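The values are calculated or read from the model by the stated rules, or taken from the named source; none is laboratory data. Note that the coordinates shown come from a computational prediction; the quantities given were computed from them, not determined experimentally. Methodologically, a virtual Cβ is constructed for each residue, glycine included, from the backbone with ideal geometry; neighbour enumeration extends over all protein chains shown.
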Amino acid sequence: MRRDIFQAIADPTRRAIIALLALQAMTPNAIAENFHTTRQAVSKHLRILTECELVKQEQQGREIYYSLELQKLKEVDNWLSQYRKLWETRFNQLDNVLSTIKKQKK
């Protein structure tokens, strides 16, 4: 089953794994040490992240290291950018309203 990048980042544990891998490549055991869950549960999350191409595996001797594919996160940024301008406009409007209220109280 092909998974969507947004399905991958919807889960808080997977977002935490992404945050860890943003710092450095890690083995599944090293990742699992950061969570109160089983190694198998972490492996499932890593499999989903790998299927979505958010992380890649690299064999180093007998160990497998996972690292973050930063370019793939660009898809999320591109999707968010369409809303960023809307948010900025609304925040600017709110700033104007607050400034007006503040001036009226003086």
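Figures for the structure shown
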| read-out | value |
| --- | --- |
| Single match in 50, 38 (criterion: out of contact with any Phe, Trp or Tyr (no Cβ under 6 Å at 6 or more places or on another chain) and more than 28 Å from residue 79 (Cβ to Cβ)) | 38 |
| Residue within the stretch 31-38 that is part of a helix (DSSP H, G or I), of a type outside the set (S, T, N, Q), modelled with pLDDT of 90 or more and under 15 Å from the mean Cα position of the chain (by Cα) present | no |
| Members of the stretch 69-90 found to be more than 30 Å from residue 26 (Cβ to Cβ) and surrounded by fewer than 10 Cβ atoms within 10 Å (Cβ to Cβ), listed by number | 82, 83, 85, 86 |
| Residue that is surrounded by the most Cβ atoms within 10 Å (Cβ to Cβ) [pool: residues in the stretch 42-63 that are under 14 Å from residue 13 (Cα atoms) and free of Cβ contacts under 8 Å to residues at least 12 places away in the same chain] | 44 |
| Selection count, the stretch 1-40, where residues are surrounded by fewer than 13 Cβ atoms within 10 Å (Cβ to Cβ), over 19 Å from residue 65 (Cβ atoms) and aliphatic (A, V, I, L, M) | 2 |
